[in-house]
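> Handing you a structure now.
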Amino acid sequence: MVSGGREIVMGITADPVFGPLIMFGMGGIYVEVLKDVSFRLAPLADTDIEAMIKSLRGYPILNGVRGEKSVNFERIHELTFRLSQLAVDFPEIRELDMNPLLAFPEAERCVVVDARIKLGGPAGSTK
């Protein structure tokens, strides 16, 4: 139903010792084959998000190659920051995956194609 864009993955994993981890990477089939992802502890600062994005081997694809436009990094930054805040505000989130999230040059066109969330007690609890 949605075509084009670059596939990225974003998610939350609750670690019982460290708390919520935020994941960002190349999504769709790329996450399964290339495993090109980055993790940081929430809450994320602006510098954390920038480092996560730029650490990917697939960063040049997001930045635009062979005349393609770059994805809207401001929108990706905002979505990653909001995901980090969601993880902090709702510790009952055990896992959250958005894969793929299609990123476009136009901010309003970023679209989550598939998402999954798993709830439970706060990290480290026996619930």
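No value in this document is a laboratory result; all are computed from the given coordinates. As the structure is a computational prediction, the values presented were derived from the model and not from experiment. FYI the Cβ positions are ideal-geometry reconstructions off the backbone, even for glycines, and counts take in every protein chain you see.
> Using each residue's phi in region 31-40, evaluate 6.51 cos²θ - 1.76 cosθ + 1.60 at θ = phi - 60° and report the 3J(HN,Hα) Karplus result to the nearest Hz, with x for Gly and Pro.
So the Karplus estimates, Gly and Pro as x, are 5, 6, 8, 8, 6, 8, 10, 10, 10, 9 Hz.
> Hey, could you get me the Stokes-Einstein D for region 61-127, Kirkwood radius over alpha-carbon pairs, 37 °C and 0.692 mPa s, rounded to whole µm² s⁻¹? Don't jump to the answer; show the numbers that get you there.
On the way: Rh = 13.7 Å.
Rounded, D is 240 µm²/s.
> Counting other beta carbons within 10 Å of each Cβ, put Tyr59, Tyr30 in order, fewest first.
Sorted ascending by nearby Cβ count, the order is Tyr59, Tyr30.
> Under a straight-distance cross-link criterion of Cα-Cα below 12 Å, which aspartates and glutamates are reachable from Lys69, leaving out those fewer than 8 residues away in the same chain?
Counting by Cα, and skipping residues close in sequence, Lys69 has these aspartates and glutamates nearby: Glu106.
> Here's something else I'd like to know. Cβ under 15 Å from Lys35's Cβ, Lys35 left aside: what net charge do those residues give with Lys, Arg +1 and Asp, Glu -1?
-3
> If you average the C-alpha positions of region 61-101 and of region 1-32 separately, how far apart do those two centres end up, in angstrom?
8
> Summing Lys, Arg as +1 and Asp, Glu as -1, what charge do residues with Cβ under 13 Å from the Cβ of Phe104 carry, Phe104 excluded?
-1
> Here's a follow-up. Among Leu83, Leu41, Leu119, which comes first, then next, by fewest other beta-carbon atoms within 10 Å? Don't jump to the answer; show the numbers that get you there.
Values: Leu83 23, Leu41 14, Leu119 10.
Placing the least packed residue first, the sequence is Leu119, Leu41, Leu83.
> Next question, about the same structure. Under the definition of Cα pairs under 8 Å and six or more residues apart, what whole-number percent is the relative contact order of the chain?
Relative contact order, the chain: 31 percent.
> Moving to a separate point now. Ala45 to Leu21: extension gain in nm, 0.36 nm per residue of separation minus the Cα-Cα distance?
Using 0.36 nm per residue and subtracting the Cα-Cα distance, I get 7.3 nm.
> Restricting to DSSP H runs of at least four residues, report the calculated mean residue ellipticity at 222 nm for the chain, -39500 (n - 2.57) per run over all residues, nearest 500 deg cm²/dmol.
Here the helix-only value at 222 nm equals -8000 deg cm²/dmol.
> So which trypsin sites (Lys or Arg not before Pro) in region 1-77 end up in coil per DSSP with only 13 or fewer other C-beta atoms within 10 Å? Can you show the working numbers first?
Numbers: sites: Arg6, Lys35, Arg40, Lys54, Arg57, Arg66, Lys69, Arg75; in loops: Lys35, Arg57, Arg66, Lys69.
Passing sites in region 1-77 are Lys35, Arg57, Arg66, Lys69.
> If the viscosity is 1.306 mPa s and the temperature 10 °C, what translational diffusion coefficient in µm²/s does Stokes-Einstein give for region 6-119 when Rh comes from Kirkwood over Cα pairs?
113
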